[in-house]
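The structure appears right after this line, and notes come after that.
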Amino acid sequence: MAESPSSSQPILKLRGVSKQFGAVQALTDIELDVHPGEVVALVGDNGAGKSTLVKVLAGVHQPTGGTIEFMGKPVTMDSPGRAIELGIATVFQDLALCENLDVVANLFLGQELSPWALDEVQMEVQAWTLLRELSARIPSVREPIASLSGGQRQTVAIARSLLTDPRIIMLDEPTAALGVAQTAEVLNLIERVRDRGLGVILISHNMEDVRAVADRIVVLRLGRNNGVFTAEDSNSDLISAITGATENAVSRRQARKLEEVGEAT
Amino acid sequence: MSDTKSQPALDRSDSRVRHDEGITGAIRGFIDRVRSGDLGMLPVIVGLILIATVFWSLNPVFLAPNNLANLLFDAAAVGCISLGIVCVLILGEIDLSVGSISGLASAILGVIWVKMGLPVPLAILVALAAGAFMGLVYATLLNRFGMPSFVSTLAGLLAMLGLQLYLLGATGSINLPYASFMVRFGQIHVMPAWFSYLLALAPGALMLWLGLDRMRRRAAVNLSNPGGMSVLLARVAILTLLLLFTVHYLNQGRGIPWMFGLFVMLVIAMNYALTRTQWGRAMFAVGGNREAARRSGINVNRIRMSAFMLCSTLAALGGMLAASRLASSSQQAGTGDVNLNAIAAAVIGGTSLFGGRGSAWSALLGVIVIQAISNGLTLLNLSSSLRYMITGGVLAIAVIVDSLARQSRASHGRA
């Protein structure tokens, strides 16, 4: 592990976390620290275990080994509700919203205002305010989610994670379905959240986004830690860590392009 | 409708959304919703008008006040069972054993009250507890072992029918005393006329009060009020006139049964719980997308448990209402078409079999349709064989309408 940029105590500390699905070892001895006011990017190829790790931290899956410390205390997250209670908010890539409910109901799902006599007016105002902050282009908050596009749904999912006033936010591919302006807004948002002293875990395949906001880039490969980088490190180092070799599809392609350019000149 | 100053209301700033104003706007919005497959209560209301017209033209007695009062007496028991079914259907589950639970409850009532001579309230409590326990069993089987409710409740149907026969023993039937409050409640007691008129005014007054309060609060935080005052007043006027007319008409005969009043109260309470509480929101969320609900921190197992327990408790209550209506606990109680009538009523009323959509009102409207068919056919002196076939046909039509509306909603992006 590289030296952490902050001397403060980490919000989240993973030691030797493993997860097994039958015969498949999805995660092996994962180490991860997240400090307050820090953006940690989690990168890796398909099947590297990023989403599994997110689901473990969100309480969707239970780890088969290792310890998770939250605010210095060891915790077990046996349900998603427990993770939310602790202050770990997650924006999932899939299956995050109920299509039969409207935007307001989805935003406040599980933490409605005044549970015995729902305060619809207040919830609607807060929904509009929050969506404005994210510059979301949502025509009406009283339409069922089913009528929204993929990007609009993603924005709603992100907005929801901010409602619970969490300590740490995990975003699983938050910009995959977003337009140019919305992507920039999400990146701005990540920075704003970080400046408020929250920890952010960002998962993305988009290296440009990762480099733009991440303080540290943690690489996973085949379910194991495979190095920690910063935005200053070279792209080829990062890519060889992700793919596991200096000689890989990406480097071969780059070399070929270079040769072509060389031949042309 | 007055938007404050130059700044548009918070929810009116997007130019892509058409904003329906006033009564014409409300009607246009309604037509749009129906076109896209969001039918709501429309099919059942059209069906009711159709059924009433057909039976009235065949036998004018059908619409006589006394016959309608009878119909309401009959509707209360199955209606209660159907209200519970609405709960499990919203989750996308089913309880096929509600008929047996209702029969078992009536047997428990007869045995504890008449055979053992213990006080009625105790008998009622034991029967309700037995119902709640069965719901707990189904929910546990589903949560722990992933046993589909379709199968577990089918097993429960047989097991409880057996228990009912065992409790009633060789005699097979226990008569409940005619002079008791229980039986008079199920057969005779109607509301005084003045009280029923008062009750007819209450929903309109409540609607007006809540509507004005809502408009005031929305205006205070710069949200628009769709429809505004004119739509609110029109709704209140139509509802109040309709209720006053119904009550006046029924009061020409015997009046409105207390038993039906109890059922309507339960429907109103359930409607509040489903639409205005966190629990209700969680019910629809679990029915719509279980995994998303779980990830939002909703305890899915607990929600399922509450729904199954409510369903079987209401089924037990329905069984006791049926027993008081018939003044007996018999081996036939809860068998035959009770089960399917209760499920059909919920579906006919507009609660989807696919989960995530439904309303407490569907139990009320659906059971009136079911009872109207059965009552009308009885008036025409047609045998129960024909009644079963026709009710089966109506159920099939209701499910087809549900399926088509669902496909239409999907293609209009309304889930």
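The values are calculated or read from the model by the stated rules, or taken from the named source; none is laboratory data. Predicted, not measured: the structure shown is a model, and the values here were computed from it. Note: ideal-geometry Cβ built from the backbone for every residue, glycine included; neighbour counts use all protein chains shown.
In this structure, does residue B:229 turn out to be crowded, with 17+ Cβ neighbours inside 10 Å and either within 23 Å of the chain's Cα centre (by Cα) or in a helix (DSSP H, G or I) (or both)? No. Is there a residue being loosely packed, with under 14 Cβ neighbours inside 10 Å, at pLDDT below 90 and more than 18 Å from residue B:105 (Cβ to Cβ) anywhere in segment B:159-169? No. Residues in segment A:93-111 that are facing chain B (nearest Cβ under 7 Å), within 17 Å of residue A:158 (Cβ to Cβ) and either surrounded by fewer than 21 Cβ atoms within 10 Å (Cβ to Cβ) or within 16 Å of the chain's Cα centre (by Cα) (or both): A:95, A:96. Restricting attention to segment A:112-124, the residues that are among the aliphatic types (A, V, I, L, M) and over 27 Å from the mean Cα position of the chain (by Cα) total 3. When segment A:35-51 is filtered for residues that are more than 16 Å from residue A:13 (Cβ to Cβ), charged (D, E, K, R) and in a loop (DSSP other than H, G, I, E, B), only A:45 remains.
Pairing residues of segment B:245-257 that are among the charged types (D, E, K, R) with residues that are assigned to a loop (DSSP other than H, G, I, E, B), at Cβ distances under 8 Å and at least 6 apart in sequence or on separate chains, gives no pairs at all.
Tell me which residues, restricted to segment B:376-410, are under 19 Å from the mean Cα position of the chain (by Cα) and among the polar types (S, T, N, Q). Within segment B:376-410, B:391 is the sole residue that qualifies. Scanning segment A:138-159 for residues that are in contact (Cβ under 8 Å) with a residue 40 or more places away in the chain and either at the interface with chain B (Cβ under 8 Å from one of its Cβ atoms) or farther than 18 Å from residue A:202 by Cβ (or both) gives A:142, A:143, A:144, A:145, A:146, A:148, A:153, A:156. Assuming residue B:214 fulfils every condition listed in (1) within 14 Å of chain A (Cβ to nearest Cβ); (2) touching a Gly at 6+ places or on another chain (Cβ under 9 Å) apart from one, which condition is it? Of the numbered conditions (1) within 14 Å of chain A (Cβ to nearest Cβ); (2) touching a Gly at 6+ places or on another chain (Cβ under 9 Å), the odd one out for residue B:214 is (2).
Only one of the listed residues (A:52, A:90) is within 8 Å of another protein chain (Cβ to nearest Cβ), hydroxyl-bearing (Ser, Thr, Tyr) and either in contact (Cβ under 8 Å) with a residue 40 or more places away in the chain or more than 30 Å from residue B:274 (Cβ to Cβ) (or both). That residue is A:90. Scanning segment A:69-87 for residues that are surrounded by 22 or more Cβ atoms within 10 Å (Cβ to Cβ), out of contact with any helix residue (DSSP H, G or I) (no Cβ under 6 Å at 6 or more places or on another chain) and either part of a strand (DSSP E or B) or at the interface with another protein chain (Cβ under 7 Å from one of its Cβ atoms) (or both) yields a single hit, A:84.
Looking across segment A:129-156, just one residue is in contact with a Ser or Thr (Cβ under 9 Å, 6 or more places away or on another chain), of a type in the set (A, V, I, L, M, F, W, C) and in a helix (DSSP H, G or I), and that is A:131. Right, residue A:130: crowded, with 16+ Cβ neighbours inside 10 Å, closer than 24 Å to residue B:276 by Cβ, without any contact (Cβ under 8 Å) to a residue 40 or more places away in the chain and within 13 Å of another protein chain (Cβ to nearest Cβ) or not? Yes: the conditions hold for residue A:130. Somewhere in segment B:252-268, is a residue within 14 Å of chain A (Cβ to nearest Cβ) and part of a helix (DSSP H, G or I)? Checked segment B:252-268: no residue is within 14 Å of chain A (Cβ to nearest Cβ) and part of a helix (DSSP H, G or I).
For segment B:33-62, residues that are of a type outside the set (A, V, I, L, M) and outside any helix (DSSP H, G or I) total 5. When residue A:63 is tested against the conditions (1) more than 17 Å from the chain's Cα centre (by Cα); (2) more than 13 Å from chain B (Cβ to nearest Cβ); (3) in a loop (DSSP other than H, G, I, E, B); (4) free of Cβ contacts under 8 Å to residues at least 40 places away in the same chain, the lone failure is (4).
Quick grid of which residues meet (1) away from chain A (no Cβ under 14 Å); (2) part of a loop (DSSP other than H, G, I, E, B); (3) among the β-branched types (Val, Ile, Thr):
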{"site": "B:367", "(1), (2), (3)": "yes, no, yes"}
{"site": "B:370", "(1), (2), (3)": "yes, no, yes"}
{"site": "B:377", "(1), (2), (3)": "yes, no, no"}
{"site": "B:382", "(1), (2), (3)": "yes, yes, no"}
{"site": "B:392", "(1), (2), (3)": "yes, no, no"}
{"site": "B:398", "(1), (2), (3)": "yes, no, no"}
{"site": "B:404", "(1), (2), (3)": "yes, no, no"}
{"site": "B:407", "(1), (2), (3)": "no, no, no"}
{"site": "B:410", "(1), (2), (3)": "no, no, no"}
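Of everything in segment A:112-127, what is among the hydrophobic types (A, V, I, L, M, F, W, C) and at the interface with another protein chain (Cβ under 10 Å from one of its Cβ atoms)? Give them in sequence order. Passing the criteria: A:113, A:116, A:117, A:118, A:121, A:125, A:127. Away from chain A (no Cβ under 11 Å), hydroxyl-bearing (Ser, Thr, Tyr) and either under 28 Å from residue B:100 (Cα atoms) or free of Cβ contacts under 8 Å to residues at least 60 places away in the same chain (or both) - does that describe any residue in segment B:282-297? No - not one qualifying residue is present in segment B:282-297.
If we keep just the residues of segment A:126-145 that are aliphatic (A, V, I, L, M) and modelled with pLDDT under 85, which is farthest from the chain's Cα centre (by Cα)? Per the criteria, the residue is A:138. If the condition is being outside any loop (DSSP other than H, G, I, E, B), of a type outside the set (Val, Ile, Thr) and touching a strand residue (DSSP E or B) at 6+ places or on another chain (Cβ under 7 Å), then segment A:90-113 contributes only A:102. All told, residue B:231 falls short of being among the β-branched types (Val, Ile, Thr), under 30 Å from residue B:303 (Cα atoms) and more than 14 Å from chain A (Cβ to nearest Cβ). Scanning segment A:216-265 for residues that are assigned to a helix (DSSP H, G or I), under 30 Å from residue A:25 (Cα atoms) and among the small types (Gly, Ala, Ser) gives A:236, A:240, A:241, A:249, A:251.
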